[in-house]
Amino acid sequence: DIQMTQSPASLSASLGETVTIQCRASEDIYSGLAWYQQKPGKSPQLLIYGASSLQDGVPSRFSGSGSGTQYSLKISSMQTEDEGVYFCQQGLKYPLTFGSGTKLEIK
Amino acid sequence: QVTLKESGPGMLQPSKTLSLTCSFSGFSLSTSGMVVSWIRQPSGKSLEWLAAIDWDGDKYYNPSLKSRLTVSKDTSNTQVFLKITSVDIADTATYYCARTLLITTVVTGFDYWGQGVMVTVSS
């Protein structure tokens with residue numbers, strides 16, 4: 001199985017601050033990576049697919065980048081509604097696997 | 001408008017079989033490229049992909065649970081089912097179904113999710 005390692009496990013950011021979350025795959029996943037946001041009691045929401053493509057309706061302050069085994073999610077200007085848990089997920093090979101999550105809070 | 005909704009027993013005893021249904025609308029599983037996955041999440045933990053079924057009836061399973069899982073779909077291609085045999089406490093989780101995007105053979109993401117159904121395994 002492809003292991004997905006996310007960092008940090010948690011972070012807090014001030015309003016307007018730029019936030020970056022990292023995800024490392026145990027092997028090259030050729031940009032087959034998606035990012036999700038999950039708020040308490042809600043289903044995950046797809047933010048980014050194909051490592052860098054913004055899902056329809058997602059604010060442009062979210063962006064994804066990376067290649068090979070290293071990927072990142074950036075929020076360019078932290079907003080209150082961005083609080084939640086963020087997960088990465090690889091889609092190159094079955095079984096599909098997720099990172100352990102990053103909890104993002106407002107400072 | 002794409003919607004998915006899971007249904008299940010809520011609570012069941014260890015060693016029993018868990019049967020879940022995903023009812024969806026806004027797309028048809030008979031359309032080429034369409035896939036529906038099952039994913040679960042224990043409270044406070046990360047997500048675990050369990051199984052998927054595609055428009056052609058091909059099935060994919062997580063090897064860690066493969067011997068216990070069966071995914072299927074109905075003939076109208078508006079429902080997908082998941083059975084998990086011999087459940088134990090470790091199967092307690094919220095279970096989601098999600099529409100799964102494909103580009104060639106790469107799963108690019110899960111773009112629509114159901115609200116989830118909480119399942120508790122307890123004696």
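Values in this text are rule-based calculations from the coordinates and carry no lab data. Just so you know, these numbers come straight off a predicted model, no measurement behind them. FYI the Cβ positions are ideal-geometry reconstructions off the backbone, even for glycines, and counts take in every protein chain you see.
Couple of notes before you dig in:
- Taking only the Cα atoms of the protein assembly as shown, the ratio Rg/Rh comes out at 0.96, with Rh defined as the Kirkwood radius.
- Residue by residue along B:23-32, Cβ atoms of other protein chains within 10 Å of the local Cβ number 0 on average.
- Distance violations [Cα-Cα > 20 Å] among B:Lys59/B:Lys83; A:Lys103/B:Lys5; B:Lys5/B:Lys83: A:Lys103/B:Lys5
- For chain B, the Rg and Dmax computed from alpha carbons only, in angstrom: 13.8, 45
- Between the range A:10-88 and the range B:9-79, the alpha-carbon centres lie 25 Å apart.
- Comparing A:Pro95, B:Ser19, A:Ser63 along the charge dipole axis of the protein assembly as shown, the residue lying farthest to the positive side is B:Ser19, per the Cβ-charge model.
- Candidates B:Arg68, B:Arg99, B:Arg40, ranked by Gaussian network fluctuation over chain B, Cα under 10 Å, top entry: B:Arg68
- Amide hydrogen proximity for A:Gly50: with H placed 1.01 Å from N in the peptide plane, the residues at 5 or more positions away or on another chain lying under 5 Å are A:Leu33.
- Calculated P(r) tail over 15 Å for the range A:3-54, as whole % of Cα pairs: 61
- Considering only alpha-carbon pairs that sit under 8 angstrom and 6 or more positions apart, the relative contact order computed for chain A is 39 percent.
- Unsatisfied cross-links (Cα-Cα over 25 Å) in the set A:Lys42/B:Lys45; A:Lys93/B:Lys66; A:Lys42/A:Lys107; B:Lys16/B:Lys73; A:Lys42/A:Lys93; A:Lys74/A:Lys107: A:Lys42/A:Lys93
- In order along the range B:112-123, phi translates into HN-Hα couplings of 10, 10, x, 6, x, 10, 7, 10, 10, 9, 7, 8 Hz, rounded to whole numbers, per the Karplus curve 6.51 cos²θ - 1.76 cosθ + 1.60 with θ = phi - 60° and x for Gly and Pro.
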